[in-house]
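Throughout, read-outs are computed from the coordinates displayed, never taken from laboratory work. Just so you know, these numbers come straight off a predicted model, no measurement behind them. Cβ coordinates were reconstructed from backbone atoms using ideal geometry, including for glycine residues, and neighbour counts include every protein chain displayed.
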Amino acid sequence: MTLVIEKMHIMQAIDWSRFDLEGWLYQFGAWLYSHTGPCGKSINPIAVAMDNAAKTRRAKKLTKKKSNQVIADYISDTSSELSRPKRGKVTCEINDNEARAVQRLILDMFGRSEIMDEWLDAVVDRYFRGQSWSEMANDDRTQNDARQDVKCGLAALHCKYGFIGY
């Protein structure tokens, strides 16, 4: 008799009933904040990688002048394009494996379309970085656009991951 042990994927190992979709997203934001250094900069490699990926995606959409400014700001670390996670009212109740699984929810959906990426960027800004609607507004997005982008992003996540309550 041969014993076969099947390796479990991180998405299968999580008890997704602990929180609803928004709850998991807020928890990930709290987890990101719990991994910051004394100057408020993230020391979390996942957060750093997500920031770098977002900067790269946004730089592709910018004019040459704006792109150069983003790069210059990044090098001097004064960029206002992407803010650091803020201390929120949510207490982190997830572990590193659960955080990696929540990150997978978002990362698996990036790159499918430019529109979907904009929606997911709004979800990341709102839930992971804790930005207010006014902070999410910029030259290309009004507060109302931000609200709609978040709603669309949540709907897309819910459609793909129906096993997570919403």
Over the stretch 106-152, calculate the relative contact order: mean separation of alpha carbon pairs under 8 Å at least 6 apart, over the residue count, as a percent. 33 percent
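Ranked from highest to lowest mean number of other Cβ atoms within 10 Å per residue, what is the order of the peptides 148-155, 13-20?
Sorting 148-155, 13-20 by mean packing, highest first, produces 148-155, 13-20.
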Using a 10 Å cut-off on Cβ atoms, rank the peptides 92-105, 134-147 from the highest mean neighbour count down. 92-105, 134-147
